[in-house]
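Trainee: Structure below; questions to follow.
Computed from the coordinates by the stated procedures, all read-outs in this text should not be read as laboratory data. Quick caveat: nothing in here was measured; it's all calculated off a predicted structure. Here the Cβ is made from the backbone with ideal geometry for all residues, glycine too, and neighbour counts use every protein chain on show.
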Amino acid sequence: MKNAGARWRSWLTNRRVDRARWALAIVLLLAAAVLPPVSVYLEGQGMIESARFEIVLGVTSLILALWAVSYNLMLGYAGMVSFAHAAYYGVGAYTVAILLQRYQISYFAALAAAPLVAATVGIITGFVALRAVRLYFSLLTLAISQLLYSVAEGWYSVTGGDNGINGIVTPDQLTDYPTLYYFVAAIVGVSLLLMFVLTRSPFGAALLAIRENRERARSVGINVKAYELAVYTIAALFAGVAGALFPLVQPSVVPSMLFWTENATPVVVTLLGGVGSFLGPGFGAFIFTGLNNSLSRDFPYQLDVLLGAIVLGVVLLVPGGFASVPGLVAQLRRRVVGEGTPSIEAETKGEAIRMIDVARAVEAHAIQSEHIERGRVLLRLEGLSRSFGGLRAVDSVNLEIHEGDRHAIIGPNGAGKSTLFNLITGRTRPSAGRVWFDGRDITGRPAHVVAKAGIGRAFQITMIFPRLTVRQNLQYAMLAHRGRTVQPWGLADRIYRDEAIELLDAVGLGPHADLPAGQLSHGDQRAIELAISLALGSRMILLDEPTAGMSASETRRAMELVRRVATDRNLTLLFCEHDMSVVFGTARTVTVMHQGRILMQGTPEQIRSDPEVQAVYLGELDMDEEEAAPA
Amino acid sequence: MDPGKFLLFATGGLADAAYLFIVAAGLSLVFGALRVINMAHGSLYMIAAMVSVVVANRLGAGIGFLPALLCAVLVAAAIGAVIETTVLKRVYGHEHLVQLLATYAIALIIGGAARLIFGSNYRTTSTPIQGSLTILGYSYSLYALVMIVAAILIGLGMYGLLFRTRLGRNIRAAVSDPELLNASGVNVTLLYTAVFTVGAGLAGLGGAIVAPSQAVDPTIGDSVLVLAFAISVIGGLGSIIGSAVGALMVGEVISFGLINPTTNSFALAFVFIIMTLVLTVRPWGLFGRPEA
Amino acid sequence: MSSTGRSLRWAAACGAVLMAALACGGSSNTGGTVTFKGTKNIGLSIALTGQSALYGHAISQSMKLAADEINAKGGINGYKVNADILDDATQVANAVNNIKSLILQDNVVAMLGNVTSAQCQATSPIAKQNKVIFIAATCNSYQLTTEPDLVNPYYVSVVPNTFMEGTAAGELAAKTGAKKIFIVSPKYLFGISETNAFVAELKKVAPSATIINDPSTWYVPFPTNPRWDSTINAIQAAKPDLVYSNIFAADQINFITQALQVDPNFFQKYPMTTLASVDELQSLGSKYPLGMHLYQRAPFFALNNPAMNGFVTKYHDRYGEYPSDWAVMDYDAMTMYAKAANAAGSFDADKVRSQIVGHSFDSLRGYKFTIRDGDQQANVGETVGTTGDSGGKYPFPILVNSTNLKGDDLLMPTAILQQLQAGQCEKTPGTPNTTDFSVCPAWKTS
């Protein structure tokens, strides 16, 4: 009862902030829609100097809005910081300028061509840039940006070199200011809509998963590089659209548009508007344009100091930008009104695992089951080795895992268990040897391929998507693993929703389904981790110390769940564990590793009584410590 | 190309490399230990150049150089310490975009403030060391040679600092294994402030050293920043030897690239081609270590 | 659907707020005084910050001084004039935004030109479209008045253009009798344009002289190189009789400083003919080498006449500085506009234009200049001379034995002008933006 109440309250409060954000978005969109008539009216009233100038600022803001939102597609949705985005904007502008001035093609045809050129440049350079990750990716985009700038600056015969391309004339159809505004607004509007659909789609879900946790994203079957390249290219495409609109307000296209420091504009705009929101950067563009126009007029000498102070203030004090205002207002209101329950509890109590309903979990639709042939070899390792420097972490391991088996790997610290898991799941490439899964050679294949092939994984350290809700964690993992994240339309949050909730309820996470996963206690996060592994519908699951950090009773509960799911839903289990009661209570086969090699393999009984194993452990553990839990 | 000419252009490249090395080494050190890309590095360089020119001219051009240099380095280091303790402290561990934006904002503020304080005029001062050498028929600036020697000494000094002192050991630990450092009981907060202060001081040193051969105005940091980025990335962020090699490559590529008719237009592009190649093949740079 | 209605009302209100935000600071100074009918703005978008802020600083000072003097004499057509100055940090896009703001919001009656040719290329068409007089006193690439796409009836140039300057430089270089010449120029429209004119003139007046560095190495990346080792060493290696340069501002200061460090007698060994303005002389002060052959647009110390001397005194009294060449030329631009608009009795661009083109105006430069028809270029001269000690008069060297080359001798021949404007001088036929006077049929026959 109490949990249901908490869930309801948190849903209600989240809804209120959500509704406020939607209302704000609609109000501002309508405001943008009525800008020309309102400014004409205000000019008539003598309240503003020039309606035409306001409209020009509006057009400038719209173009900047598109540019910034396309930047945020990478930054906010995939966590990529690029220094080359201005270059694609520039490429769009150059394409239009060249087609117009050199080939006398109509503006509208050029407008259609520009995004394609920008996307082409984007995909080629993006392919290079994505050879590196995170910070190094950013630095690589910096180098690429400067290269593209050098090309624009030096290729006289095409780009006009340092002088750029000048004297671009606005097409006759668009010389009227309101018409120009609505034309640009229409193009920007359609582009924003397309990007909005994309972010809500399963494709967008994959991006969010990558942003949250690359490693986890890979292990649920997402080809991280491919998705990053896709979003990089799409962002370049829309930057190209924005760039193609640029010549409507600026008659000259010059190389400095491509210079890396130009990226400061969309980044600052995104920051002002809010990295975490779709439309935030769009409104950030209006704020920025207005602010820049008035400040540069009245405080030209102080502008940089003021702008710097604003950016610094936002970074340090309101990192969510403009879009976080409704949330902040809601928080303030709660504080003032004294409404007790904050929508976001600092941490949950970590009682999910004790609430696990094994019977329901086993029936959950989220878990796929296949017919299996018990006893057939599913995974075969042949002479698998891996050295780090001089150390042979895994040394010529030969191992067969049979379908339907529950196979434990034990051994003292440093025996090579985690490395072995990494070799199987493609996180680490083997120095020698082969990995066969279901008759397929998967040696050294990337993690997402291995995941897709049917090997799921739970990590030793908790690997979840912290800022996504618990439900999304599960849903997006399912989407990814079932190959649906290629779909760039439809609402990701609606797909597999019921299945996810069913499983979450069963594993005791139901009350927290709509909380950001990162806010859950450690124990509850382990439960999410477990639920993700189960929901992937893998034929085989690798669990790396699944009960690390759990209490004895939680451990018993969690392992009962794992065991039952494995038996009833035909899963093959490979796990490593220090807790011998877990090992002997769960495993049918046990393999002992020592110093990277396999010491022995057998039934739990054989292992328990083997003197050599006991010698390895040297009394490190008491084999009879606890009675194994009943199967 | 005869040996005399070759020596001439090679030395020209060395002179470029010298001041770029000093600036890039500071950037690289800060990144290595703090994992922060400091966009305000060029501004610290600029402010130090400005201060050194103003002070040197007040004390009397030439003689005033050394005290002015000291003063400029101290000012840059002090500003660095203030930035670290007031702003960077709050953004450690954040995504690197947050740090980029924070330091970018600081760069804007320093640049704007410098203009408000010093104006937009070009300021010039004289070198303390005048005169030239003639080798194989060509003249060499004595000051440029001194600058090269100074860069080598600074490089050696940094090497000594990093490998012969306790502070250095801790800095190296911060570069290679921050977690271990946390566990070892070192005052990490203080260490980070120290590293950033040293990095800022190096930017200042670079600025003060080139100031006598340049028109100094509030924009001089911009072009240096991007080259310093390129150098520290090519050499490997966090590696002093890397910065030296990177600076040499960039200096020589520019020196020889500009005089060659076929490469003249793209001399600067070459720097970024090298940067792209290094990052794609060895993202952690020629002398850096891959991040765990 | 009541929420939709409410949303609409909110939208209207927010639209107003948005507008107010955008309009912030948009209101111009409209406060008139008793004696004037009102205020008219003359616009200027210039670098107050960033690279070339030094120029913007002097130009805006002189513009304000000129406006005050015009107002003291009763303003223009009974209106007070206001110098409406916006900062563009030498960025093209900012200049475009500024000029739109000046024209649409502040209703400027005329504009002074920006610093760089790239900026003027972008802003001139907007002035043309909105029929606003545009007086260039700084940007001076001849393409601005001859490029078919750019030809603008409201564009007037009171600064010697690159053709005139290159020609002047060619004559100056020829006079030195140098046979081996080394060229250093900034790689952008201005430098390329001026260097081409220099080379073309040199071929005419000193056919025996040769350019010893490869054309692709004439140009150095622009803007602002901190280090000039490569160029200085290339000069040492090539051993020219003369170095010709049109690098300016920080580039020139850096080049000179570093060259002197390499060899205190560098400019005795390799004499130099270069473009210069009072700014470079002032910035380097006594460190500016003596014996340099300079060509300057409007150096106040060499244009000794009552009007100039009065101006220098006023300028120095008010700002504590000496006026740069830009300050002089923009002052001329302002007084020219005031005279023409008063004569027209109107601010209408066409009427004012008809009082400018073909008319003569007083100049601080000590002579009257005329705006000719065709390219609407003033026949202003170029001052050439050699740097020498000012005898303690100024804290920097000045030109000794200076000559004022007559504008009429430097102007582009009309035949070439017409062919350029007609698009007959394109390097790649059918492609705009590639015109070059030396491709014109008329140049080849001259």
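Trainee: Let me understand the protein assembly as shown better: what is its radius of gyration from the alpha carbons, and its Dmax, in angstrom?
Mentor: 35.4, 115
Trainee: Taking other Cβ within 10 Å of each residue's Cβ, how do C:PHE311, A:PHE283 sort, fewest first?
Mentor: Working: C:PHE311 23, A:PHE283 27.
By the 10 Å Cβ count, ascending, the order reads C:PHE311, A:PHE283.
Trainee: State the antiparallel share, in %, of DSSP beta bridges confined to chain C, rounding to the nearest 5.
Mentor: Details: 15 of 48 bridges.
For chain C, the DSSP antiparallel bridge percentage is about 30.
Trainee: Please give the FRET efficiency for A:GLU382 paired with A:ARG467, using the beta carbon to beta carbon distance and R0 = 41 Å, rounded to the nearest 0.05. Working shown, then result.
Mentor: On the way: r = 41 Å, r/R0 = 1.00.
E(calc), rounded to 0.05, equals 0.50.
Trainee: Next up: Could you list the residues of the stretch A:577-598 with an amide nitrogen less than 20 Å from a label point located 7 Å from the Cα of A:GLN614 in the Cα-to-C-beta direction?
Mentor: A:579-585, A:590-594
Trainee: Hey, another quick one. Dipole of chain C (Lys/Arg Cβ +1, Asp/Glu Cβ -1, origin at the Cα centre): which of C:ALA72, C:SER216, C:GLY166 lies farthest to the positive side?
Mentor: Going by the Cα projections, it comes out as C:ALA72.
Trainee: Hey, could you grab the Kirkwood Rh for chain C? Inverse mean 1/r over distinct alpha carbon pairs, Å, one decimal.
Mentor: Numbers: mean 1/r = 0.0436 Å⁻¹.
Across chain C, the inverse of the average 1/r is 22.9 Å.
Trainee: Non-local amide H neighbours of C:THR435 (under 5 Å, H modeled in plane, Pro and chain starts lacking H): which ones?
Mentor: C:LYS427
Trainee: Let me know the charge dipole size of the stretch B:19-220 about its Cα centre in debye, to the nearest 20, where only the beta-carbon of Lys, Arg (+1) and Asp, Glu (-1) is charged. Spell out each step's value before the answer.
Mentor: Values: 10 positive and 5 negative charges, 50 e Å.
It comes to approximately 240 debye.
Trainee: I'd like to know which of A:VAL121, A:ALA25, A:PRO178 lies farthest towards the positive end of the charge dipole of chain A, counting +1 on Cβ of Lys and Arg and -1 on Cβ of Asp and Glu.
Mentor: It is A:PRO178, whose Cα lies furthest towards the positive end.
Trainee: Would you mind computing, in nm to one decimal, how far apart the modelled labels at C:LYS175 and A:LEU306 are, each placed 7 Å from Cα along Cα→Cβ?
Mentor: 5.0
Trainee: A further question on this structure: What list of ³J(HN,Hα) values in whole Hz, one per residue of the stretch C:364-381 in order, does the Karplus curve 6.51 cos²θ - 1.76 cosθ + 1.60 (θ = phi - 60°) give from phi, with Gly and Pro shown as x?
Mentor: 4, 6, x, 9, 8, 10, 10, 8, 7, 6, x, 10, 6, 9, 6, 7, 7, x
Trainee: Okay, moving on. Rank-order A:23-33, A:189-199 by packing density, defined as the average count of other C-beta atoms within 10 Å over each peptide's residues, highest first. It would help to have the intermediate numbers written out before the result.
Mentor: On the way: A:23-33: 19.0, A:189-199: 16.8.
The densest-packed peptide leads the list: A:23-33, A:189-199.
Trainee: Turning to a different aspect of this structure: Quick test of the membrane-span-like rule: which DSSP H helices of chain C reach at least 27 Å along their long axis (C-alpha atoms) with mean Kyte hydropathy at least -0.5? Before the final figure, lay out the partial values.
Mentor: Details: long enough: C:2-23 (31 Å, 0.85); C:53-72 (28 Å, 0.15); C:325-344 (28 Å, 0.02).
The answer, listed by residue number, is C:2-23, C:53-72, C:325-344.
Trainee: Also: Can you compute the label reach from C:SER438? Point 7 Å from Cα along the Cβ direction, backbone N cut-off under 13 Å, restricted to the stretch C:168-185.
Mentor: Counting backbone N atoms under 13 Å from the label point, the list is C:170, C:183.
Trainee: Using the alpha carbon gyration tensor of the stretch A:551-601, what are the three equivalent-ellipsoid semi-axes (square root of 5 times each eigenvalue), largest first, in whole Å? The partial results should precede the final answer.
Mentor: Numbers: eigenvalues 95, 43, 11 Å².
Over the Cα atoms of the stretch A:551-601, the ellipsoid semi-axes are 22, 15, 7 Å.
Trainee: While we're on this one: Holding the Cα-Cα limit at 26 Å, pick out from C:LYS128/C:LYS187; C:LYS175/C:LYS427; B:LYS5/C:LYS179 the pairs that are longer than that. Could the numbers behind the result be given before it?
Mentor: Details: C:LYS128/C:LYS187 28 Å; C:LYS175/C:LYS427 31 Å; B:LYS5/C:LYS179 22 Å.
In this structure, C:LYS128/C:LYS187; C:LYS175/C:LYS427 exceed 26 Å between Cα atoms.
Trainee: Identify which of C:ARG297, C:ARG227, C:ARG365 has the largest mean-square fluctuation in a Gaussian network model of chain C, with springs joining Cα atoms closer than 10 Å.
Mentor: Highest fluctuation among the options: C:ARG227.
Trainee: Can you grab the distance from the C-alpha centre of the stretch A:566-590 to the C-alpha centre of the stretch C:292-340, Å, no decimals?
Mentor: If you average the Cα positions of each part, the centres end up 92 Å apart.
Trainee: Can you give the calculated 222 nm mean residue ellipticity of chain A, where each DSSP H run of n ≥ 4 adds -39,500 (n - 2.57) and the sum is split over every residue, rounded to the nearest 500 deg cm²/dmol?
Mentor: Computed ellipticity for chain A at 222 nm equals -18000 deg cm²/dmol.
Trainee: Roughly what would the spin-label model give for A:GLN331 and A:ASP172, points 7 Å off Cα along C-beta, in nm?
Mentor: 5.7
Trainee: In whole Hz, what ³J(HN,Hα) sequence does the stretch B:277-286 give by Karplus (6.51, -1.76, 1.60; θ = phi - 60°), x for Gly and Pro?
Mentor: 4, 4, 5, 6, 8, 9, x, 7, x, 5
Trainee: Also, I was wondering about something else. Which helices, taking whole DSSP H runs in chain A, have alpha carbons extending 18 angstrom or more along the helix axis plus mean Kyte-Doolittle at least 1.0?
Mentor: Details: long enough: A:2-33 (46 Å, 0.01); A:51-78 (39 Å, 1.36); A:85-103 (26 Å, 0.52); A:107-129 (31 Å, 1.92); A:134-154 (30 Å, 0.97); A:177-200 (34 Å, 1.62); A:224-245 (32 Å, 1.47); A:280-298 (27 Å, 0.09); A:303-317 (20 Å, 2.77); A:522-535 (19 Å, 0.19); A:552-568 (24 Å, -0.66).
Counting only whole DSSP H runs, the qualifying helices are A:51-78, A:107-129, A:177-200, A:224-245, A:303-317.
Trainee: So, counting K/R as plus one and D/E as minus one, what does the shell of residues with Cβ under 10 Å around A:ARG386 add up to?
Mentor: Its environment carries a net charge of +1.
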